[in-house]
Every structure is written in C-alpha cells, then in structure tokens.
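Read through the structure below, which is laid out as structure tokens, and then see the notes.
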Amino acid sequence: MRPRLDLPAWLFGSIAVGALFGLPFVISKANRIVPGVPVGLVDALGPGSVLRWWVLAVIGVTAVLTQRRWLRLVATGLLCVWFALALGHAAQLLTPPGNAVVRIAPGAGFWCAMASVALLGVDAAARLQLRALARLALLGLVMLVLWAALASGYFDHVSVVREYAVNADRFAHEFSRHLSLALGSVLAAVAVGLPMGLACQGRPWLRQAVLSTLSLVQTIPSIALYGMLMAPLAALAVTVPTLAQWGIGGIGYAPAVVALFLYALLPVVANTVLGLASVDPAVVDAARGMGLTDGKILTRIRWPLALPTIVTGVRVVLVQNMGLAAIAALIGGGGLGTFIFQGIGQTAIDLVLLGALPTVALALAAGVVLDALVEWLDRRRPA
Amino acid sequence: MIEIESLSKRYGELTVVDAVDLIIPKGSITAIVGTSGSGKSTLLRMINRLIEPSSGQVRIDGRLTTSEPAPALRRRIGYVIQGNGLFPHRTVAENIATVPQLLGWEPARIAARTEQLLTLFGLDPAIHARRLPAELSGGQQQRVGVARALAAGPSVLLMDEPFGALDPIIRAKAQEDLRTIQRQLGTTVVIVTHDMEEAFLLADRIAVLDNGKLLQHDVPARLLTHPAHPQVMALTGTTDRALRLLSLESTAAIVTAGEVSGPDLPASMSLREALSALIWAGATAGNVLDAHGQRSGHVTMQAILTRGSAAR
Amino acid sequence: MKASGVIRVGVWGLLIAFLLKPQVFAPAFAPLTQHDAPAIYDQGDLATLAWAHLGLVLTATSLSALLAIGLAILVSRGPGRAFLPMSRSLVGIGQTFPPVAVLAIAVPLVGFGIKPTLIALVAYGLLPIFENSLTGLSQVPASVLEAADGAGMSPIQRLWSVELPLARPLMIEGLRQTLVISVGTATLGSTVASQGLGEVIIAGLLSDNSAFVLQGGLITGLMAILLHDAVGLIAQRWQRPVQ
C-alpha cells in the first residue's frame with residue numbers, strides 16, 4: 001500500500017513552523033514586571049553558523065515524514081531539546097553582560113512550537129504502546145535531562161530560572177510542602193477510604209449513604225472547603241492545646257490537608273466498592289465451593305482482583321490533589337500555589353510560571369507513575 | 001432485473017471480488033453463497049454502493065447505479081442486515097418510516113404504509129407501532145427490519161445474513177414469511193448466506209462465490225446434479241445431496257393418477273418430507289392432497305427415490 | 001418521585017430566599033463571626049454575584065459544549081479519524097492539568113478579569129464533554145450505522161438523526177460533570193478579579209470571617225447540585241416518553 005499522509009503530523013508540524021517563525025520566540029523585558037519587546041527566532045539567535053538551521057530542518061522533516069513511531073519519538077524529543085537550547089542561547093545573547101534585572105522570557109512562539117512538538121511526541125509514545133517500565137524510564141530520562149539542563153547553568157538567563165534563583169530557598173520549601181500536602185492527603189484517604197469501601201461491600205444502604213455524602217462534598221468549591229474547615233479546626237486547637245502544639249489550627253497546613261483528604265475520599269471509596277463488586281460472582285462461588293472462608297475469599301480472591309481498580313482511583317485523586325494543593329496557598333497552607341498567587345498579585349508572570357510549571361509537571365509525572373503501576377498490576381492479574 | 005458486469009473490488013494487492021458477471025432476474029430470489037472471506041458480502045454491498053467497486057458496473061432495471069448519488073440509489077433499494085440494525089432510539093413505526101421520510105412522503109401516506117406493513121408482517125399496529133425495538137422479541141425485531149427495508153416499496157431487496165442471529169424455530173418461520181411476502185410483492189431479492197440449507201430453501205437461483213470469483217450461478221438442483229467446480233460440491237456437501245435434491249421439489253411434481261392405501265401427503269410437501277412420511281408410516285406409496293384437501297393422485301416411494309438419484 | 005420533587009422545590013426556594021433576603025439568615029451565621037464582624041457578606045449584593053457566577057458558568061459551559069461536541073464529531077469520521085488517537089492523548093494530558101495552572105497561565109496571555117477565567121473554564125470544561133461525546137459516538141453499533149447508510153441517509157442525516165440522538169445521554173452526562181466542575185472552578189476566578197461568588201469566599205479568607213466562607217461555599221455548592229439536577233430533568237423530558 002502507498003504510504004498515507006500523516007495528517008496530524010503535518011498539521012502540528014505546520015503549526016510549529018508557523019509559531020517558530022511567525023510568533024515572537026522570546027520576550028525581552030527591562031525588568032520582571034514591565035511588558036516586554038517581542039523578538040523573533042532569527043533575531044533572538046543572532047548571527048552564527050547555518051548548521052543549526054540544517055539541524056532543525058533535518059530533525060523537523062524526520063519527525064513529520066517518518067512512519068516509524070520510535071523515530072518520531074526521538075525526533076520530537078530532539079526538537080524539544082533544540083527549542084530549549086535556542087531559548088537558553090537567546091537569553092544569554094540578549095542579556096547585557098552583568099545585568100541581573102533584564103528578563104528574557106519564552107514567547108508565544110516558543111510555547112506553541114514546544115506544545116505542538118511535545119503533543120506529536122506524546123502521540124508517538126502512546127501509539128508505541130510502551131510497557132509500564134519503558135514509560136517510567138522515559139519519564140526518568142526526561143527528568144534527568146531537565147535536571148542536567150538546569151544544573152548546567154546554560155539556562156540561567158531565562159526569566160523563570162532567574163526567578164527561581166531569587167527564590168531558591170523558598171522554592172525547595174514550598175515544593176516539599178506541596179508534595180507533602182498532596183501525598184499526605186492521598187495516603188490518609190487511602191488509609192480511611194479502603195476500610196470504608198470494605199465496609200460498604202454487601203451493605204447497599206451504607207454504600208448509598210457514604211457515596212452520596214461524599215458526592216456532596218465534591219460539589220463544594222475547593223477554596224470554600226478550605227475555608228469551611230478553618231473554623232472547626234481553630235476551635236479544636238483552642239479546646240485541645242496539644243493539637244495546637246502539633247501545628248493543627250485554623251489556618252495553614254491542617255485545613256488544607258483535611259480538605260484535600262475529603263476530596264480524595266470519594267474516588268478511593270467509590271473505586272474500592274466498584275473493584276470489589278466487579279469480581280465475577282462465579283469466581284467467589286467457586287471459591288466458597290472449595291471451602292474458602294469469607295476472610296480468605298476477601299484476601300485471596302476479591303482483593304487481588306479489585307486492586308487495579310482501586311489503584312486507578314488513587315491515580316485520579318493523586319493527580320487531582322497535585323493540582324488542588326496549589327490552592328492551599330490561599331489559606332496559608334503553603335505549596336507551589338504560593339508563587340502562583342503572589343505572582344498574580346504582583347503581575348509577575350515569571351513568578352506565576354515558577355509555581356504553575358512545577359505543579360503541572362508534578363501532576364503529569366504522578367499520572368505517568370500511577371498509570372504504570374495500574375498497568376503493572378493489570379498484567380500480573382491472571383486474565 | 002440486476003445486471004452485474006465484470007464487477008471487481010480490490011484493496012491494494014488484495015482482490016476481494018474478482019470480475020463477477022451475474023444477471024439476477026426480476027422477481028426472483030437469488031442467494032449468494034460462499035465461505036467467509038469469499039467476497040459475498042462485498043459483492044452485495046457493491047450493488048447499493050455501500051462499497052464502491054474498483055471496476056465494473058451494476059445496472060438495476062437497465063439503469064446504471066452510478067447515474068445518481070449513492071444515498072438516492074439506496075433509498076430505492078431495500079437493505080436488511082444481520083442483527084437487524086434497528087435504530088434503538090426510534091419507535092417501530094419511526095423505524096419503518098425511515099426511507100419514506102427521507103423521500104419526503106406525506107405524513108398520512110407514511111402512517112398508512114407503516115400500518116399496512118406491520119399488518120403484513122403479523123404485528124398489531126395498535127400494540128407494536130409505538131414500542132421501541134428493545135421492547136420486541138428477536139423475531140419481531142427481525143420482521144421490523146425487513147418491513148423497514150420494504151417501506152418505500154423498493155423493487156430490489158438486499159439481505160446480508162438476515163436470519164443469522166435467530167434461533168432455529170423463529171428462523172424457519174422468518175424464512176417462510178420472506179418467501180410468502182416476496183411472492184406477494186414480486187420483489188427481486190438478493191440474499192447473502194453461508195447457510196446452504198437456507199439457500200436451498202429460499203432461492204430460485206444460487207450464485208457460488210469463492211475467493212472473489214463466481215464459480216457457478218444456476219438453479220439449486222443444477223448445483224447438485226452438475227456442480228461446475230469441486231468447490232461447489234464441497235460447499236453443497238456430498239453426503240446428503242440426494243435428500244437435498246428431493247427437498248427442492250414437491251409431491252405435485254411427480255403425482256400420478258390413482259388412489260393407493262397409504263398416508264395423505266399435501267401437494268406442497270417436498271419430496272424429502274414425503275419420503276420421511278412414507279418411511280415413518282411404513283408405506284411404499286401415499287395419496288397426494290391438492291390445495292382443497294382433495295386426493296388428486298399418488299406418489300410411490302420408488303418414484304421419489306428415482307428423483308433423488310443422479311441418474312434420473 | 002414525589003419526595004424528591006418536594007426536596008427539589010425546597011432547595012430552590014432556600015437558595016433564592018437566601019440570595020434575595022440574606023439578612024433573614026444572619027442569625028444562623030452570626031455564631032461563626034468574631035469581633036462583631038458582619039454575618040452576611042456586605043461588600044456586594046449576593047444575588048448579583050450569584051447571577052454573574054451563573055452567567056459565567058453557563059457561557060463557558062455552552063462554549064465548551066459547542067467546541068467539544070464539534071471536535072468529537074470531527075475526529076470520529078472521515079479524514080478527522082487520523083486525529084483520534086492524538087485527541088485521546090490530549091484528553092488524558094488535559095485531565096492531569098490543574099485548573100489553577102490553566103488560570104495562572106491564561107492571565108499573562110489575556111490580562112486580569114473575566115477573560116482568563118472564561119478561558120480556563122472553557123478549556124477545563126471541554127474534557128468531560130469531549131470524552132463523553134466521543135464515547136457516545138463510538139458506541140453507536142456498527143449495524144445501526146450500516147442500516148442508516150443502507151437506508152440512503154446522507155452522512156449529515158445519519159449524524160443528525162441517528163448518531164447524535166444515540167450519543168445524547170452520554171453527552172448530557174458530560175455536560176453535567178462540566179457544570180459541576182465549572183461552578184467550583186469559577187470561584188477561583190475571583191483571584192484574578194473576575195466577578196463571582198469566589199469574592200465572598202476570598203473576602204472571608206482574608207478577613208478571617210468563616211461566615212462569609214461558609215455562605216459562599218453553600219451558595220456555590222447548592223448551585224452546582226441544582227444545575228446538575230436541572231440538566232438531568234431537562235434531559236429526561238427531552239427523551240421521548242416510552243409507551
């Protein structure tokens with residue numbers, strides 16, 4: 001058969017080309033607050049060897065034309081590296097020597113090109129149907145490259161990295177706080193949700209009551225839920241001073257983690273119930289017929305069969321809470337949202353990005369890791 | 001009449017239907033048979049252009065099927081598929097009204113037609129018209145599927161394994177109904193089936209397809225007595241071909257004058273059934289009853305056996 | 001059926017009464033305040049804010065629905081089918097994208113106010129509707145599609161009278177999910193100066209007044225539940241009664 005035209009590759013390839021040469025590649029700002037001057041890709045890179053354009057053209061054409069998915073994955077990866085290097089180069093070139101105030105921020109051209117190419121790469125990766133382990137390795141590779149790039153100093157003049165340098169100490173603190181909010185709340189939800197799900201097993205009235213109550217909780221907007229927990233927790237801290245010593249109070253970490261916990265509860269309980277209920281009754285019947293006790297049926301039959309569904313629920317809440325944890329900053333709960341809301345307040349976009357980009361990255365990474373785990377469990381389960 | 005001229009369908013290197021020539025007489029039932037992958041469904045779908053041919057042409061009543069847009073063509077041709085394909089969100093009446101609505105009939109005419117068809121297919125309009133397909137039994141759904149295909153009075157009805165999803169008893173009833181209604185309306189029917197029993201029961205002519213090629217197109221008896229290709233013999237089967245041959249004729253075909261002592265055999269009974277009846281009764285001959293129940297003559301077991309031999 | 005009707009009318013009544021005459025409910029919220037702070041939000045009219053909030057949510061959801069259903073139709077047929085695997089990956093990524101991040105990234109692009117909120121709501125609301133529409137459209141049995149083609153329906157007639165009606169229940173389910181998410185997410189809009197009920201909650205957070213937070217949360221929560229319920233009711237009416 002004639003090789004057919006790969007429409008998505010052509011479309012997103014064209015978008016990337018258009019964005020690279022039609023939109024500003026970087027924005028040069030006199031300081032971190034003021035609006036900047038757009039600079040196109042050619043001007044941003046300055047004079048230099050034509051070799052880099054050849055490299056771009058060869059990788060780009062390969063990425064669009066190839067029929068081999070792994071080759072497209074590699075080519076799109078290399079394109080992203082090229083864009084990043086170009087950004088770093090432009091930032092070095094456009095920053096006057098010794099000037100720490102000028103900000104060279106990535107422009108719409110950079111973002112659009114990066115997004116289109118990344119999308120092609122993700123699509124290629126998805127169609128490769130990589131195994132769980134391979135996807136984890138790919139994620140590890142991306143993180144390693146990212147870390148090496150930032151550590152190399154090549155990107156130090158890029159605006160977001162500058163913003164990071166200014167806030168380095170706080171960043172480490174808020175980052176770990178963010179993780180602790182998201183992970184802590186999910187762990188607590190699993191610890192509470194699993195027994196709740198188990199208790200609902202075989203008791204329809206209880207299941208109905210628990211699930212509808214938790215659904216109601218989910219309709220409360222996150223910032224309101226945070227706020228509503230302030231009063232009871234403050235009251236609790238006043239009546240039980242020991243709790244206050246542990247840092248539990250009306251504002252800060254405690255209401256944030258409790259709110260996140262409440263949000264996480266529904267998917268965990270619902271998926272536990274679903275997973276346990278979806279075990280084929282004939283299997284349970286057969287087990288009973290062979291003389292297994294109810295306890296053994298639970299631990300040896302229901303539980304292993306339900307596990308992938310339960311972990312899928314955990315995936316949903318972990319990804320969700322990685323994002324929701326950003327809102328905790330509004331009630332002094334800390335986390336990456338601190339930068340986002342400060343940035344919005346100061347109209348400092350670099351600061352917003354310093355909070356938003358890692359939040360997105362954490363959510364995506366959590367999704368990849370938990371997806372891999374679900375797949376691994378599914379594979380282990382005898383079909 | 002459907003005239004198929006050197007019709008082919010190729011997907012890349014693969015030829016699914018290979019230069020088929022076939023003339024389907026008006027008002028007949030023609031069965032297209034073959035193993036799965038023989039190209040029989042593809043051939044059928046090229047008639048109403050659900051699949052566009054790679055080469056060759058089809059004429060219906062002298063008119064090229066490519067002379068009008070495919071949707072317009074399909075509105076003139078009835079089409080029934082396995083599992084009926086009823087629209088689950090539309091009532092029985094609305095399902096039947098599909099093509100008349102597409103053709104822009106008056107609502108009153110559509111209503112009258114729907115009622116007429118429901119009655120023809122043994123469904124009570126008062127009860128069934130406003131039901132959803134899911135509320136009907138499998139056999140009723142299948143009947144509604146055929147009624148829908150006949151709604152606009154097409155001269156041609158294409159059927160692709162229409163009875164495949166039915167259980168044997170309902171299936172036999174549906175086949176009988178189809179034959180009755182086809183005789184009544186004079187529709188030209190082309191039916192694709194992998195079930196030889198069904199083909200021999202229903203068809204006036206059978207077209208055997210293998211690997212996209214037409215091996216033989218003839219009346220059913222000739223397929224048994226003069227198979228054009230070993231594959232035709234393999235498909236029709238050799239172990240029970242004598243009985244199959246007997247099933248194609250009725251007692252009326254070999255009735256001779258005179259009354260004998262033996263069981264009564266209706267004139268519409270096939271020779272195969274008559275033979276069975278004689279064996280069961282331990283008789284060597286039986287009396288033939290005409291449509292009014294009058295004895296019109298007799299058949300002997302010897303005469304039946306002769307009809308079933310290749311040497312007749 | 002009757003009991004649920006009574007509850008429904010009661011909840012609507014409660015919400016409307018609270019929005020029109022909030023002061024009547026002041027005693028209920030007074031215990032939550034400290035240092036003689038007002039028990040009812042006093043920096044704006046609750047009904048106006050709720051109205052603006054509702055308008056924003058409905059506008060965003062309508063836009064999301066148009067876009068999402070249009071896209072789902074495009075990628076489920078013809079040359080658009082080439083985009084199907086990619087659109088599925090996109091939905092997957094989109095769902096991991098935190099709404100706050102969408103909002104935060106929209107601000108530098110379009111400035112403060114209603115615009116970034118609308119963009120974030122539309123973008124975030126696309127996903128449930130798109131995914132459900134795609135599932136709905138792809139679940140139409142092949143035999144039904146073939147029957148429609150065989151009956152001589154044009155592609156548009158087939159889409160309009162067979163595929164869309166059959167995909168409708170799932171599409172509406174997606175719409176309901178989007179509505180609930182949007183009502184909640186729209187409160188975040190107040191952090192970027194978009195008018196809505198988020199103002200009440202944030203005012204409460206800033207002045208440490210739990211009464212404000214609670215009433216803001218309650219109104220939005222009720223709004224989400226009632227919208228979810230109302231769309232379900234409308235959809236039920238829309239589906240023909242079965243004899």
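For the range A:152-199, the equivalent ellipsoid built from the Cα gyration tensor has semi-axes of 39, 10, 6 Å, listed from largest to smallest.
Put in line by how crowded their Cβ is, counting other Cβ atoms within 10 Å and starting with the fewest, B:Ile279, B:Ile24 read B:Ile279, B:Ile24. Each Lys and Arg contributes +1 and each Asp and Glu -1, all at the Cβ; summed about the Cα centre of chain B, the dipole is approximately 480 debye. In plain terms, if you count all Cα to Cα distances in the range C:48-236 and split them into 5 Å steps from zero, the share in each step is 1, 8, 15, 17, 17, 14, 10, 7, 5, 3, 2, 1, 0, 0 percent.
Between the amide H of B:Leu248 and any residue lying 5 or more places away or on another chain, no distance stays under 5 Å, with hydrogens modeled in the peptide plane. Between C:Leu159, C:Gly204, C:Leu134, the Cα set farthest toward the positive side of the dipole of the range C:99-243 (charges on each charged residue's Cβ, about the Cα centre) is that of C:Leu159. The translational diffusion coefficient of the range B:1-124, from Stokes-Einstein at 25 °C and 0.890 mPa s with a Kirkwood hydrodynamic radius over alpha carbon pairs, comes to 148 µm²/s.
Averaging the sequence gap over all C-alpha pairs within less than 8 Å and six or more residues apart, then dividing by the number of residues, gives chain C a relative contact order of 24 percent. For chain C, adding -39500 (n - 2.57) for each run of n ≥ 4 DSSP H residues and dividing by the number of residues yields -24000 deg cm²/dmol at 222 nm.
Sorted on the mean count of surrounding Cβ atoms within 10 Å across their residues, most packed first, peptides A:81-93, C:10-22 read A:81-93, C:10-22.
For the range B:141-300, the convex hull spanned by the alpha carbon atoms encloses 143 Å³ per residue.
Pair-distance distribution P(r) for the range B:145-193, from all Cα-Cα distances in 10 Å bins starting at 0: 24, 61, 15 percent. Semi-axes of the equivalent ellipsoid of the protein assembly as shown are 68, 36, 27 Å, computed as sqrt(5λ) over the eigenvalues of the C-alpha gyration tensor in descending order.
Considering only alpha-carbon pairs that sit under 8 angstrom and 6 or more positions apart, the relative contact order computed for the range A:7-166 is 32 percent. In the range B:201-256, the C-alpha radius of gyration followed by the widest Cα-Cα span (Dmax) gives 12.3, 45 angstrom. Pairs of lysines in the protein assembly as shown whose Cα atoms sit within less than 21 Å of one another amount to 4, provided the residues are eight or more positions apart or on different chains.
Averaging Cα coordinates gives a centre for the range C:148-179 and one for the range A:10-34; these two points are 39 Å apart. Neighbour counting of Cβ atoms within 10 Å sorts the residues B:Met301, C:Met86, fewest neighbours leading, into B:Met301, C:Met86. Overall shape: oblate for chain A, with the ratio a/c of the largest to smallest alpha carbon gyration tensor axis at 1.5 or above and b/c at least equal to a/b. The smallest convex shape that holds all Cα atoms of the range B:244-307, its convex hull, gives 65 Å³ per residue. Considering all C-alpha pairs of the range C:30-69, those separated by over 12 Å amount to 68%.
Computed over all pairs of different Cα atoms, the Kirkwood value for the hydrodynamic radius of the range A:169-380 is 18.7 Å. Structural size metrics of the range A:7-166, computed from C-alpha coordinates, are Rg and Dmax of 16.4, 48 Å.
Taking the fewest neighbouring Cβ atoms within 10 Å as the starting point, the ordered list for A:His157, B:His128, B:His226 is B:His226, B:His128, A:His157.
The base-10 log of I(q)/I(0) for chain B, evaluated at q = 0.08, 0.11 Å⁻¹, reads -0.42, -0.77 [Debye formula, identical scatterers on Cα atoms, solvent excluded]. Evaluating 6.51 cos²θ - 1.76 cosθ + 1.60 at θ = phi - 60° for every residue in the range A:76-89, the Karplus couplings come out as 5, x, 5, 4, 4, 4, 4, 4, 5, 4, 4, 4, x, 4 Hz, glycine and proline recorded as x. Whole-Hz Karplus values for the range B:109-126 come out as 5, 4, 4, 5, 4, 4, 5, 4, 5, 4, 5, 4, 8, x, 10, 7, x, 5 Hz, taken residue by residue from phi with 6.51 cos²θ - 1.76 cosθ + 1.60 and θ = phi - 60°; glycine and proline positions read x.
Stokes-Einstein D for the range C:1-132 at 10 °C, 1.306 mPa s, Kirkwood Rh over Cα pairs, in µm²/s? For the chosen part, D equals 87 µm²/s.
Taking each DSSP H run with n ≥ 4 as -39500 (n - 2.57) and averaging over every residue of chain A yields -25000 deg cm²/dmol at 222 nm. Per-residue 3J(HN,Hα) values for the range B:245-254, derived from phi via the Karplus relation 6.51 cos²θ - 1.76 cosθ + 1.60 with θ = phi - 60°, read 4, 5, 6, 7, 10, 9, 4, 4, 5, 10 Hz in sequence order (x marks Gly and Pro).
What the Kirkwood sum gives for the range A:121-225 is a hydrodynamic radius of 18.6 Å, with every pair of different alpha carbons counted. Based on DSSP H segments of at least four residues, each scored -39500 (n - 2.57), chain B has a per-residue ellipticity at 222 nm of -10500 deg cm²/dmol.
Centroid-to-centroid, using Cα positions, the range A:338-383 and the range A:258-330 are 22 Å apart. Between C:Gln177, C:Gln157, C:Gln23, which gets the highest mean-square fluctuation from a Gaussian network model of chain C, Cα cutoff 10 Å? Answer for the Gaussian network model of chain C: C:Gln157. For the range A:1-73, the equivalent ellipsoid derived from the Cα gyration tensor has semi-axes of 32, 15, 9 Å, listed largest first.
Take every Cα pair under 8 Å whose residues are at least 6 apart in sequence, average their separation, divide by the length of chain B, and the relative contact order is 19 percent.
Where a number appears in this text, it was derived from the coordinates with a stated rule and is not lab data. Fair warning: this is a prediction, and the values are worked out from it, not measured in the lab. Note: ideal-geometry Cβ built from the backbone for every residue, glycine included; neighbour counts use all protein chains shown.
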